[in-house]
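Have a look at the structure below, then the notes.
The values are calculated or read from the model by the stated rules, or taken from the named source; none is laboratory data. Predicted model, so just to flag it, every value in this text is computed and none were measured. Cβ atoms come from the backbone with ideal geometry, glycine included; neighbour counts cover every protein chain shown.
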Amino acid sequence: MSLPKENPTFTYADYCEWDGDERWELIEGVPYLMSSPSQAHQEILRELSYQLTAFLKGKPCKLFIAPFDVRLNADTYDDTVVQPDLLIVCDSSKLDGKGCVGAPDMTIEILSPATARHDRLVKFQLYQNAGVREYWIIDPETRTLQVCIFENSKYVINMYGDTDTASVQILNGCEIDLKAVFEE
């Protein structure tokens, strides 16, 4: 897709008309081209998916892997579409066959050098403002996990290292073995 040189704002309807093999996110009307993930990113994604899928089997919450559109402000401007690496939705009424309409219960972003600042600042604020109950930020370089829990309209943050076990707050009894997640 080639974008106009001027800086117009776009909506989800515009986003749906874009063609091509490129993946985009739309944040408050501004498109952001997504880069291809690294090998480390994909290995972390695979292990997290494996552990979460095993836990969620037979439960009502659903796990989704990018690309999967999340329209955070579909009820107002409908100009923000993100694609977290992983997300969990426990309210099936938010699923419309194309993606998630509204805030998922949990989002997970795996950092890359190109997206780290964006994920830590812009998406952090977006997810907090939308009321995403749990936001995980995984840093493959430092082998750390930052868990953001939504309490009283803001995130409370906990940090974990590569040998810790992290509890998923929105899923009672779900624990993620970070040693396996960061295994080389």
Which pairs have Cβ atoms under 6 Å, sit 6 or more apart or on different chains, and link a residue in segment 105-131 that is surrounded by fewer than 21 Cβ atoms within 10 Å (Cβ to Cβ) to one that is at pLDDT 95 or above and among the hydroxyl-bearing types (Ser, Thr, Tyr)?
128/155
Would you confirm whether any residue within segment 26-38 is exposed (fewer than 13 other Cβ atoms within 10 Å of the Cβ), aliphatic (A, V, I, L, M) and over 14 Å from the mean Cα position of the chain (by Cα)?
yes
I'm trying to understand the selection: among the residues of segment 132-143, which are touching a residue at least 40 places away in the same chain (Cβ under 8 Å) and either outside any strand (DSSP E or B) or more than 26 Å from residue 39 (Cα to Cα) (or both)?
140
Residue 125 passes all but one of (1) in a loop (DSSP other than H, G, I, E, B); (2) more than 18 Å from residue 50 (Cα to Cα); (3) over 12 Å from the mean Cα position of the chain (by Cα); which number fails?
(1)
If I go through segment 72-93 residue by residue, how many of them are touching a Cys at 6+ places or on another chain (Cβ under 7 Å) and under 26 Å from residue 22 (Cα atoms)?
3
Name the single residue that is surrounded by the fewest Cβ atoms within 10 Å (Cβ to Cβ) among those in segment 71-104 being outside any loop (DSSP other than H, G, I, E, B) and among the charged types (D, E, K, R).
94
Per the filter on segment 8-46, residues among the β-branched types (Val, Ile, Thr) and more than 23 Å from residue 136 (Cβ to Cβ) are 9, 11, 30
What is the residue count in segment 141-152 for residues that are over 21 Å from residue 100 (Cβ atoms), surrounded by fewer than 21 Cβ atoms within 10 Å (Cβ to Cβ) and not acidic (Asp, Glu)?
5
Tell me, yes or no, whether segment 85-95 has at least one residue that is farther than 16 Å from residue 129 by Cβ and either in contact with a Ser or Thr (Cβ under 7 Å, 6 or more places away or on another chain) or modelled with pLDDT under 95 (or both).
yes
Within segment 114-140, count every residue that is more than 17 Å from residue 25 (Cβ to Cβ) and either among the small types (Gly, Ala, Ser) or at pLDDT below 95 (or both).
1
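For segment 144-184, enumerate the residues that are assigned to a strand (DSSP E or B) and not hydrophobic (A, V, I, L, M, F, W, C).
Quick first cut of segment 144-184, residues assigned to a strand (DSSP E or B) only: 144-151, 154-160, 165-167, 175-177.
Matches in segment 144-184: 144, 146, 151, 154, 155, 158, 160, 165, 167, 175, 177.
Could you list, in sequence order, the residues of segment 36-70 that are among the hydrophobic types (A, V, I, L, M, F, W, C), in contact (Cβ under 8 Å) with a residue 12 or more places away in the chain and in a helix (DSSP H, G or I)?
Within segment 36-70, the first condition is being among the hydrophobic types (A, V, I, L, M, F, W, C), and the residues that meet it are 40, 44-45, 48, 52, 54-56, 61, 63-66, 68, 70.
If we keep only those that are in contact (Cβ under 8 Å) with a residue 12 or more places away in the chain as well, we get 40, 44-45, 48, 52, 55-56, 61, 63-66, 68, 70.
Across segment 36-70, the qualifying residues are 40, 44, 45, 48, 52, 55, 56.
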